[in-house]
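Read through the structure below, which is laid out as structure tokens, and then see the notes.
The values are calculated or read from the model by the stated rules, or taken from the named source; none is laboratory data. Since the model is a prediction, treat every value here as computed from it, not as a measurement. Heads up, the Cβs are rebuilt from the backbone with ideal geometry, glycines too, and the neighbour counts pull from every protein chain shown.
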Amino acid sequence: MGRSADADATTAAYGPHDVARRPDREDPADHRHPFERDHDRLVHTSAFRRLQGTTGVVAPGESEHFRTRLTHTLEVAQLARRLGHRLGASPDVCESAAVMHDVGHAPFGHVGEHALCDAIDAVAVRWGLDPDAVGGYEGNAQTFRLVTSRLTGHSDLPGLNLTRATLDAALKYPWARGEVSRAKWCFYPTEAEEAARVRDGVPVERRWQRSVEAQVMDWADDVAYAVHDIEDFAQDGAIPLALLAQSATARERVAAQLVARRGRRGKLADATEGGAEAPGGAGDLGRFPFESPRYTADELAAAFTDLFADPDGPFAGFRTLTGEYDGSVEYRRALRRMRTRLIGDLLDAVRPADPDAPFVRHRNDLVIPLRVRLIDDVLRDLLWLFVIEHPRMATYQHGQRRVVTDLLELHVAAVEAGDVAIFPRDLQPELTPLLGATQAAGDRVRALRLVADHVGGLTDDGAARLHRRLTGHVPHAFADWQ
């Protein structure tokens, strides 16, 4: 099948350096563009398929309407492709970045990620290692490890052998742990050499900046997360959209709660601070990508109130509804209008920093107007207020943290005892030479990373079943092998 003239015109802006692989051993008869090959390899990985069993906000199977990590990823990929195409970036690179952006997630999503990171740090200290030399656990860094290391394989090469531009588009936080932030990072010390190769040629003044394709992917992720989770939990009855659209009193009360929540977290700006839109996808001048802009209490309250009170706004369809979601045609129509309007408004408002420069890698940036970023943040804050910080979610997540921590500790104890029998057979040959307390620090780092690979690569259900087996909480377990 031939490529469209549109696609050829877009990819012409990318040079040999952008499409380079290491080493390049591609089939010369393959008709696909290098970026198309990247995309095709990613969607056929087991890591991508495992997302169907990984938590989005709640675990897969809670209800048929909740998005899983896989359906979320597919929606992010669709938004990233359309946005990249409109702005002039390669749609394939933007979509590929979205396809892989969550494959490094631990079981139970961010809760599992943080629990696993804390547990790895504790073991590193116990083993006499610098936690930063191990790298902890971070979903984005694990993604980079997955697609570049022996955890996936393409012919006789480690990883998927993706192009430089595609790999760079996956680096939302292009630094190692502690270089810029201890909250977010995108590669471990074990992949530092590969990360340096991918970032080769990035201008020195952009050392910590993301490529434009990464910025497109990240904004598509933010929009999908904010809009789709509001939709899911409105259907669940957890977020009272009709009440907020109809009641000024309810809006005033919730606005005060949103402001108080940001205040407690130290994320409110002083009234004298002025917001500014900026390139780099940050939306606030001088901030790194992992930092959200800061708003004043008045800005936050006004944005929330305007969003729900606007008679022609995205929530206008809820102004005539009674009660919460009941599956009626009217309610489903209101949700569809909300989703369509919000996604359109949030995507259509962004633009290139330099309209005359190619929208390719590090030759441009994505500008997100502050008012648009504020709307997206208000929606995400609503989810935290009504869902994530609710006591029923807190108890749910407490158990998830326990499962992940226990699994890491149980497998580390096996390594310390010199017994790899509880590990999958494909990991046993790699772990065996690394066992024993007298091993060099580098061997201990590699052993701990392999343990993290195993635990972090489990689905929610796989983690829960393995935890039951290893703790003796299942009476008949032989036939339950994962």
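Would you mind stating whether A195 is among the hydrophobic types (A, V, I, L, M, F, W, C) and under 30 Å from A302 (Cβ atoms)? Before you say what the answer is, go through the steps one by one.
Working: among the hydrophobic types (A, V, I, L, M, F, W, C): yes; under 30 Å from A302 (Cβ atoms): no.
In short, no.
Considering the conditions (1) hydrophobic (A, V, I, L, M, F, W, C); (2) closer than 18 Å to V451 by Cβ; (3) crowded, with 18+ Cβ neighbours inside 10 Å, V125 is excluded by exactly one of them, (3). Within region 270-328, restricting attention to residues that are hydrophobic (A, V, I, L, M, F, W, C), within 29 Å of F233 (Cα to Cα) and at pLDDT below 60, the residue that is surrounded by the fewest Cβ atoms within 10 Å (Cβ to Cβ) is F290. Residues in region 173-202 that are crowded, with 24+ Cβ neighbours inside 10 Å and either outside any helix (DSSP H, G or I) or on the phi > 0 side of the Ramachandran plot (or both): Y173, P174, R177, W185, C186, F187, Y188. Does D168 fit the bill of being assigned to a helix (DSSP H, G or I), among the charged types (D, E, K, R) and farther than 24 Å from E430 by Cβ? The answer is yes for D168. Entry remark, region 336-351: residues being buried (at least 19 other Cβ atoms within 10 Å of the Cβ) and more than 15 Å from V372 (Cα to Cα) number 1 in total. The number of residues in region 117-143 being under 28 Å from L162 (Cβ atoms) and either in contact with a Ser or Thr (Cβ under 8 Å, 6 or more places away or on another chain) or assigned to a loop (DSSP other than H, G, I, E, B) (or both) comes to 4.
Of all the listed residues (I230, I239), the sole one being in a helix (DSSP H, G or I), outside the structural domain of G139 (by TED's automatic domain parsing), buried (at least 21 other Cβ atoms within 10 Å of the Cβ) and at pLDDT below 95 is I230. From the list V93, V111, the one residue that fits, being within 20 Å of the chain's Cα centre (by Cα), part of a helix (DSSP H, G or I), surrounded by fewer than 23 Cβ atoms within 10 Å (Cβ to Cβ) and of a type in the set (A, V, I, L, M, F, W, C), is V111. For R210, the conditions (1) among the basic types (K, R); (2) outside any loop (DSSP other than H, G, I, E, B); (3) buried (at least 24 other Cβ atoms within 10 Å of the Cβ) all hold with the exception of (2).
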